[in-house]
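The values are calculated or read from the model by the stated rules, or taken from the named source; none is laboratory data. Given the structure is predicted, the values throughout are model-derived calculations rather than measurements. Here Cβ is always computed from backbone atoms with ideal geometry, including for glycine, and neighbour counts include all displayed protein chains.
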Amino acid sequence: MEYVEANGAVFRTERVGGGSGHPLLLIHELGGDMMSWDPAIAAGLVNNRPALRMDWRGAGMSEKIRGPFDIDIMCADIMKVVKETGFGDRGPIDVLGIALGGGVAIGLAIRYPELVRRMISTSSAIGGAGARDRMLQRAAGVEKEGMRPYCESSHAVSFAEPLRTDPELYAWYRKKWISQDPASFAAHNRMLANMDETPNLGKIKAQTLILSGTHDPLRTPQAVKEIADAIPGSQYEELDTGHFMHVQTPNLCANRIPTFLDA
């Protein structure tokens, strides 16, 4: 692991994988951190390609958020980390994002088209009016009460009982979720409440695969397909998975993603 200072903050990063495949950047989900990729990595997601994973600002062991924060800052953070680590020295990279991380991957491809060769976004959360009130309410709640009181209600939707096929894995994920910094988690929720990438989807030039989960009530297949339809030339597929594909169905993630990246 390596701590990198970029764009005015310190980030925990790690290079994983190997082989001759194209470099892949992994962007985690809201409430997660770079360790959320462990199940998919163990399943072989990056066996044939170098990859970089990181805790975005405010998550895991990266510097916490204190002050204004939005999707522009988030994307600039990630771009600067890629540059600072030299991960993009060979040219454009591939990007994989999950849930809000999928929305961030889309934001990155919009703002820095020269950085992204291929982009995969799953259960893409890109903002818009529909999520605003819920995100703002949860932000205020976790700031006042902490993460623990919101875990069960959040996971009842995003990590429902039928997806908890491995009790030890879910217990690990639950404890990791509760341990996140409440103030930064609130800032991430407000970022999502105030962002809307919908008008910018037509600007994406990267080869794009958009994935939805049949068992994802937060980002339904219909809602995710609308995103795919607005991105020129994108591919869309609905899979037998949930909101957090990399944790809930790591083997499926490790099998489907490389097929697109290596096509």
So Gly242, is it assigned to a loop (DSSP other than H, G, I, E, B) and touching an Asp or Glu at 6+ places or on another chain (Cβ under 6 Å)
yes
Would you please list the contacts, defined by Cβ atoms under 7 Å and residues six or more apart or on different chains, that run from a residue in segment 172-183 that is of a type in the set (A, V, I, L, M, F, W, C) to a residue that is in a helix (DSSP H, G or I)?
Trp177/Cys151; Ile178/Arg148; Ile178/Cys151; Ala183/Glu143
Any residue in segment 12-31 that is closer than 22 Å to Ile178 by Cβ sitting within a Cβ distance under 8 Å of a residue that is part of a strand (DSSP E or B) and among the hydroxyl-bearing types (Ser, Thr, Tyr)? List the pairs, counting only those 6 or more apart or interchain.
Arg12/Tyr3
Residues in segment 147-164 that are surrounded by 12 or more Cβ atoms within 10 Å (Cβ to Cβ), touching a residue at least 12 places away in the same chain (Cβ under 8 Å) and not β-branched (Val, Ile, Thr) total 10
Picked from segment 125-142 (must be in contact with a strand residue (DSSP E or B) (Cβ under 8 Å, 6 or more places away or on another chain) and not aliphatic (A, V, I, L, M)), the residue nearest to Ile210 (Cα to Cα) is Gly127
Please work out which residue is farthest from Cys75 (Cα to Cα), limiting yourself to segment 105-131 and to residues that are of a type in the set (A, V, I, L, M, F, W, C) and in contact with an Asp or Glu (Cβ under 6 Å, 6 or more places away or on another chain).
Ile126
Quick check, is Ser62 among the hydroxyl-bearing types (Ser, Thr, Tyr) and surrounded by fewer than 20 Cβ atoms within 10 Å (Cβ to Cβ)?
no
Report yes if some residue within segment 67-79 is modelled with pLDDT under 95 and outside any strand (DSSP E or B); otherwise report no.
yes
Segment 189-247: number of residues that are among the charged types (D, E, K, R) and under 26 Å from Ala160 (Cβ atoms):
8
Answer residue from segment 81-100, given it is in contact with a Gly (Cβ under 9 Å, 6 or more places away or on another chain) and either among the basic types (Lys, Arg) or in a helix (DSSP H, G or I) (or both) and is nearest to Phe11 (Cα to Cα) among those:
Val82
Considering Ala230, Ala187, which residue is touching a Ser or Thr at 6+ places or on another chain (Cβ under 8 Å) and of a type in the set (Gly, Ala, Ser)?
Ala230
Of (1) in contact with a strand residue (DSSP E or B) (Cβ under 6 Å, 6 or more places away or on another chain); (2) in contact (Cβ under 8 Å) with a residue 40 or more places away in the chain; (3) basic (Lys, Arg), Lys225 satisfies all except one. Which?
(2)
Looking only at segment 132-145, count how many residues are under 23 Å from Arg174 (Cα atoms) and either crowded, with 16+ Cβ neighbours inside 10 Å or touching an Asp or Glu at 6+ places or on another chain (Cβ under 8 Å) (or both).
6
From the list Gly107, Gly127, Gly97, Gly88, which residue is touching a helix residue (DSSP H, G or I) at 6+ places or on another chain (Cβ under 7 Å), surrounded by 20 or more Cβ atoms within 10 Å (Cβ to Cβ) and farther than 27 Å from Glu2 by Cβ?
Gly127
